[in-house]
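First the structure, in the form of structure tokens, and then the observations on it.
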């Protein structure tokens with residue numbers, strides 16, 4: 001298979017940073033059973049160092065799934081109201097999910113940061129079944145429209 | 001883990017049918033390697049019997065991936081401009097992908113149908129690397145907003 005991905009340039013790095021900064025939600029691909037993926041919508045924000053962070057319920061199937069199989073992926077970038085949906089830029093982040101337990105050294109800082117970013121989460125962030133997950137990107141694919149595909153490393157994500 | 005899903009009623013079946021009928025694109029979760037899922041955006045339409053149908057390039061990684069590992073999933077349902085993104089309804093379809101080769105008995109009918117639904121695809125639908133994929137749902141999860149989750153069978157999809 002030919003390599004369709006270009007090396008990133010400043011423009012594609014900037015677009016990637018914009019997509020990540022604007023993202024309020026993502027499609028999370030997770031593993032239900034070996035070679036059986038599923039996908040669901042989750043709310044996300046970024047940590048101060050730019051890593052995707054989600055608050056999810058432990059009652060949801062995807063939470064247990066990524067705890068057991070932390071290799072996962074996020075798709076971010078909305079489709080606009082007009083035109084071909086595939087002309088709108090989007091970003092796939094291959095990630096390793098890290099469960100941030102309440103005993104985690106970063107828990108309090110991330111909880112307070114999440115709450116500041118998503119004030120309405122105060123209604124449930126301290127419920128016993130709620131769980132912060134940090135998604136560490138291992139590789140990223142930016143599709144900026146037809147014929148404009150870039151493969152990025154964690155370093156390119158800044 | 002408690003069962004969060006309710007049995008579908010007429011309202012949830014109707015909403016599911018609307019989401020499918022309106023979908024022009026989906027987040028496709030596919031398997032890159034065992035327990036390593038990825039996710040990308042694809043354009044979709046429905047066949048006359050209501051099955052999701054996509055036209056993809058064989059040069060794309062997800063095309064080779066679903067050919068080798070046909071268990072996959074589609075997430076459909078857009079996020080509106082306003083409000084919490086998780087209040088907007090969305091549908092996860094667990095699917096088995098079927099590659100529709102040009103020698104497939106259904107190829108010509110599906111090609112003509114796709115072309116009628118997506119006239120701009122005439123520019124590339126007959127390129128040798130383009131490939132129709134039909135996604136047969138095996139199970140569906142409708143999330144119609146907080147606390148409104150339904151598990152549906154292929155029969156519920158009509």
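Only the coordinates and a few stated rules stand behind these numbers; no lab work does. Everything numeric here is computed off the predicted structure, so don't read it as measured data. In this analysis, Cβ positions are derived from the backbone assuming ideal geometry, glycine residues included, and neighbour counts consider all displayed protein chains.
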Next item on the list: Any chance you could check the Cα centroid distance between region A:6-78 and region A:93-122 for me, in angstrom?
Entry: 14 Å
Check: What gaps in nm, shortest first, separate residue B:18 from its twins in the other copies when you place the label 7 Å past Cα toward the beta carbon?
Finding: 3.3
Next item on the list: Set the Förster distance to 25 Å, then compute FRET efficiency between residue B:117 and residue A:6 from the Cβ-Cβ distance, nearest 0.05.
Entry: 0.20
Notebook entry, point to check: Taking a label point 7 Å from Cα toward Cβ, how far is residue B:7 from its twins in the other copies, in nm, shortest first?
Noted result: 6.1
Check: Against the longest alpha carbon principal axis of chain B, how many degrees, from 0 to 90 and to the nearest 10, is the axis of helix B:107-117 turned?
Finding: 60 degrees
Check: What FRET efficiency do you get for residue B:155 and residue B:24 if R0 is 22 Å and r is their Cβ-Cβ distance, rounded to the nearest 0.05?
Finding: 0.30
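To the nearest whole number, what is the average tally of beta carbon atoms from other chains within 10 Å of the beta carbons of peptide A:68-75?
Details: counts 1, 4, 1, 7, 6, 9, 3, 8.
Counting Cβ atoms of other protein chains within 10 Å of each residue's Cβ and averaging gives 5.
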Next item on the list: Mind listing the label-point distances from residue B:105 to the same position on all other copies, shortest first, one decimal in nm, points 7 Å along Cα→Cβ?
Entry: 6.4
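Which length gain, in nm to one decimal place, applies between residue B:138 and residue B:17 when the Cα-Cα distance is subtracted from 0.36 nm times their residue separation?
Details: separation 121, 0.36 × 121 = 43.56 nm, distance 1.55 nm.
Computed gain between residue B:138 and residue B:17 is 42.0 nm.
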Next item on the list: Extending each Cα 7 Å along its Cβ direction at residue B:96 and residue A:108, get the distance between those two points in nm, one decimal.
Entry: 5.4 nm
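So if I take the alpha carbon set of the protein assembly as shown, get Rg, then get Rh from the Kirkwood formula, what is the Rg over Rh ratio? The partial results should precede the final answer.
Values: Rg = 19.1 Å, Rh = 20.1 Å.
Looking at the protein assembly as shown, the ratio lands at 0.95.
Do the sum for the protein assembly as shown: with -39,500 (n - 2.57) for every DSSP H run of n ≥ 4, divided by all residues, what is the mean residue ellipticity at 222 nm, to the nearest 500 deg cm²/dmol?
On the way: 6 runs with 64 residues, N = 316.
Rounded to the nearest 500, the figure is -6000 deg cm²/dmol.
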